[in-house]
Amino acid sequence: MEKNFSLRELNTFGFDVTARYFQELKTLDDVKELLGNSSRFLILSGGSNILFSDEFYDGFVVYPNLKGIEILEENDETVMIRSYCGEVWKDFVDYTVSKNLYGLENLADIPGKVGAAPVQNIGAYGAEVKDTVYQVHTIDLVSGETKVFSNEECQFAYRNSIFKQFGVCSLKFEVRPLIYAVDFKLKKHGELKLDYGNIRNYLISNNITNPTLKDVAATVKAIRAEKLPEVGVVGSVGSFFQNAIVSMDKYQEIKSLYPDVPSYPVDDHFIKIPSGWLIDRAGWKGHRENHVGVWDKQALVLVHYGGGKPQEILDLMKKIQESVQTKFGVEIKPEVNIV
Ligand code: EPU
């Protein structure tokens, strides 16, 4: 266990945060050694979806980093693969794409690690990880019990799961499952998802008429690189806010004023409006104040240019939320975990 450990390299916002206690976990036995020590654990994975609100984290940060990828079983149609939590997500996706396995190609280049993928049901370009997760292996940090969550038990929803509801810190709940491995069921023959946004246009403009799995992964990477700040170069956590889910009445009201408002269906009563569009239309895109700002190619992304403090992001977040509330009457909620 380390004391007063710098998390600067372990949060993609790049804030200079110090943890009172820190421990990397490389094996399940490392986890067992922790038991009984304290129940005040914060589980930190790739650090690409977390904002520490203060520069000192007065608690115990555990950093699960178990490695390994195994093919568990295989038939003519599907392959079951287990990845341990510490594998880097984008490398895992590249591995499955190189093996011509369908299911994760639209999730290429998402920052973070495999163990965190189910927590907020990561999604991009018309795909969500929930559609490939077979089961999730956990160990409870308080009792040491292991439990396997089936896909259904994970209660996946848009940017949500039972693990997200447990919270990032263990204090709030009696049970705190740490995800140490995830089993994915991938297909040997699948259909490519090309309908989201500009995937199809991008393929056409590159003269790819009969795209392969690898073409789709490469396209997603290219589109991401155009829109999102490069991890490790500019501090960010990808989307800072969730997209807004509003009533049909609210949507009609906005649409009557802004006929070009983009939207995605949710159910008969609610509809999703991209928060990036709302923030953009409220005039924030490219805005910069001191060390932080709103990314000029995607308004959903708040950035830290270096040398700043978490409070600057929190202040900017509040101003944006208030402005969107005033202009559209819509509440936008953070997607990032704020601790
Ligand atoms: N838009 C604007 N201005 C902006 C940003 C977006 O007008 O500044 C409009 C776009 O023109 C488009 C719509 O909003 O019509 C949606 O934009 P985009 O396709 O870029 O996706 P998003 O809804 O803003 C979501 C995910 C991203 C994911 C993309 C692509 C959430 C919170 N975010 O963003 O995920 O990469 O779709 O699938 O659902 C992340 O979670 O960190 C993340 C980057």
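The values are calculated or read from the model by the stated rules, or taken from the named source; none is laboratory data. What you see is a predicted model; the values in this text were computed from it and never measured. Please note: Cβ atoms are built from the backbone with ideal geometry, for glycine as well, and neighbour counts cover all protein chains shown. With ligands, DNA and RNA removed, areas are computed over all heavy atoms of the protein, side chains included. Shrake-Rupley method; radii C 1.70, N 1.55, O 1.52, S 1.80 Å.
Less than 5 angstrom separates the built amide H of Y57 from those of T18, A19, R20, all sequence-distant by 5 or more or on a different chain.
If the segment from Y95 to D58 were pulled out straight at 0.36 nm per residue, it would be longer than the present Cα-Cα gap by 9.5 nm.
What fraction, in whole percent, of alpha-carbon pairs in region 235-338 exceed 16 Å separation? Roughly 55 percent, once rounded to a whole number.
Legend: calculated FRET efficiency, N206 to K297, from the Cβ-Cβ distance at R0 = 22 Å, rounded to 0.05, equals 0.65. Of V142, P310, N65, which is farthest on the positive side of the dipole of the chain, counting Cα position, with +1 on Lys and Arg Cβ, -1 on Asp and Glu Cβ, and the Cα centre as origin? It is P310. Here are some pairs, K3/K309; K113/K187; K99/K185; which of them have Cα atoms lying more than 19 Å apart in this structure? Listed pairs above 19 Å: K3/K309; K113/K187. With the chain treated as a Gaussian network of Cα nodes joined by springs under 10 Å, which of M317, M248, M80 yields the largest mean-square fluctuation? Taking springs between Cα atoms under 10 Å, the residue moving most is M248. Near the amide H of F241, within less than 5 Å, lie the amide hydrogens of E335, all on another chain or at least 5 residues away, with H placed in the peptide plane. Comparing I162, I208, I110 in a Gaussian network model of the chain (Cα springs below 10 Å), the most mobile by mean-square fluctuation is I208. Of all lysines in the structure, those lying under 26 Å Cα to Cα from K255, and not within fewer than 8 positions of it along the same chain, are K227, K272, K285, K297, K318, K319, K327, K333.
D by Stokes-Einstein for region 37-169, Kirkwood Rh over Cα pairs, 20 °C, 1.002 mPa s: 135 µm²/s. Here is the list for region 60-108: trypsin sites (Lys or Arg not before Pro) lying in DSSP coil, each with at most 14 other C-beta atoms within 10 angstrom of its C-beta, are K67, K99. Each Cα pair under 8 Å and six or more residues apart adds its sequence gap; the mean of these over the residue count of the chain is a relative contact order of 17 percent. Relative to its residue count, the chain spans a Cα convex hull of 141 Å³ per residue.
Ligands, DNA and RNA are left out, and with a 1.4 angstrom probe the accessible area of region 1-154 is 43 Å² per residue.
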